[in-house]
Amino acid sequence: EQKLVETLRKEPPRTDRFVVRHAGRFVIVPLDQVQWIEAAGNYVHLHTKDGQYLLRETLTGLLTQLDASLFVRIHRSTIVRISCIKELERLFAGDFLVRLVDGRELTLSRNHRREFEAAIGREL
């Protein structure tokens with residue numbers, strides 16, 4: 001029983017929504033609407049199909065709150081929802097262009113390629 005309590009304390013809390021300040025109000029952004037996340041110093045931009053929201057959280061800190069089966073880091077400044085990826089295109093020097101279902105193009109850096117391959121279950 002004590003080991004279970006210790007394990008639960010070590011597990012980072014998972015989130016299913018974000019409360020962000022937007023246009024003078026607090027807005028609830030459900031996690032399932034987030035398509036990709038972009039670092040901006042000690043903040044992140046949560047990108048949804050309806051727009052983007054600024055959240056005071058580091059990308060690294062946020063990554064610990066996300067389900068690794070749903071989101072993967074593809075660049076030092078980018079996390080993407082795996083189900084929003086439409087296709088990949090090989091670039092130079094081991095990088096890939098990641099095209100999302102909405103047409104947005106992001107970069108999968110070679111530094112995060114192995115992590116990405118593990119997340120999608122396939123080598124590139």
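Close Cβ contacts (under 9 Å, 6 or more residues apart or on different chains) running from residues in segment 44-71 that are over 17 Å from Glu115 (Cβ atoms) and free of Cβ contacts under 8 Å to residues at least 60 places away in the same chain to residues that are assigned to a strand (DSSP E or B) and small (Gly, Ala, Ser) comprise His45/Ala39; Leu54/Ala40; Thr58/Ala39. For segment 35-49, the condition of being polar (S, T, N, Q), in contact with a strand residue (DSSP E or B) (Cβ under 6 Å, 6 or more places away or on another chain), open to solvent by 70 Å² or more (accessible area, probe 1.4 Å) and modelled with pLDDT of 90 or more holds for none of the residues. Scanning segment 50-88 for residues that are among the aliphatic types (A, V, I, L, M), open to solvent by 30 Å² or more (accessible area, probe 1.4 Å) and either in contact with a Lys or Arg (Cβ under 7 Å, 6 or more places away or on another chain) or under 24 Å from Ala23 (Cβ atoms) (or both) yields a count of 3.
Each residue in segment 112-124 was checked for being in a loop (DSSP other than H, G, I, E, B) and open to solvent by 60 Å² or more (accessible area, probe 1.4 Å), and 3 of them qualify. For segment 89-111, the candidate set comprises residues that are open to solvent by 60 Å² or more (accessible area, probe 1.4 Å) and part of a strand (DSSP E or B); within that set, the residue that is modelled with the highest pLDDT is Glu105.
The values are calculated or read from the model by the stated rules, or taken from the named source; none is laboratory data. Keep in mind that what you see is a predicted model, and the values were worked out from it rather than measured. FYI the Cβ positions are ideal-geometry reconstructions off the backbone, even for glycines, and counts take in every protein chain you see. The accessibility values were calculated without ligands, DNA or RNA, using every heavy atom of the protein model including side chains. Shrake-Rupley method; radii C 1.70, N 1.55, O 1.52, S 1.80 Å.
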